[in-house]
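Take a look at the structure below.
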Amino acid sequence: QVQLVESGGGLVQAGGSLRLSCAASKSIFGINVMGWHRQAPGKQRELVATITSTGSTNYADSVKGRFTISRDNAKNTMYLQMNSLKPDDTAVYYCVKYNSYVPNIWGQGTQVTVSS
């Protein structure tokens, strides 16, 4: 079973940028859908973005135009470029592998904190 490890989180000022990485322990070439979810304090976990093996992407309305999801199958890594960050983006961000369009494997999460 593949394992997912996130990195790249941290503290940034509003308007700044961060790039999250998700390193997989096995090849992601055959994984159809991967994505990022996040959970803010006191809130439910929510979808941020997904990407298919063909490169099709989907974004939550709250991050459209600011975040970009990508994947590099050769490096077994998925990314989330986050620009124009807002305090509302503060959350733990999770890398997710989907199975039949249902999340089934989660990373341990990486904290993103955006100060105002």
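The values are calculated or read from the model by the stated rules, or taken from the named source; none is laboratory data. From a predicted model like this one, the values you see are computed outputs, not experimental measurements. Here the Cβ positions follow ideal geometry from the backbone for every residue, glycine too, while neighbour counts run over all protein chains shown. Note: areas computed on protein heavy atoms with side chains; ligands, DNA, RNA excluded. Shrake-Rupley method; radii C 1.70, N 1.55, O 1.52, S 1.80 Å.
The spacing between the range 1-57 and the range 94-115, judged by their C-alpha centroids, is 5 Å. For the chain, lysine pairs separated by 8 or more sequence positions, or belonging to different chains, with Cα-Cα distances below 16 Å total 4.
Restricting the range 43-116 to trypsin sites (Lys or Arg not before Pro) that sit in a DSSP loop and have at most 13 other Cβ atoms within 10 Å of their own Cβ leaves Lys43, Lys64. Accessible area per residue for the chain is 52 Å², calculated with a 1.4 Å probe on protein heavy atoms, without ligands, DNA or RNA. Within the accessible surface of the chain, defined with a 1.4 Å probe on protein heavy atoms only, the carbon and sulfur portion equals 47 percent.
Calculate the translational D of the chain in whole µm² s⁻¹ from Stokes-Einstein, where the hydrodynamic radius comes from the Kirkwood formula applied to all Cα pairs, the temperature is 20 °C and the viscosity 1.002 mPa s. Calculated translational D: 153 µm²/s.
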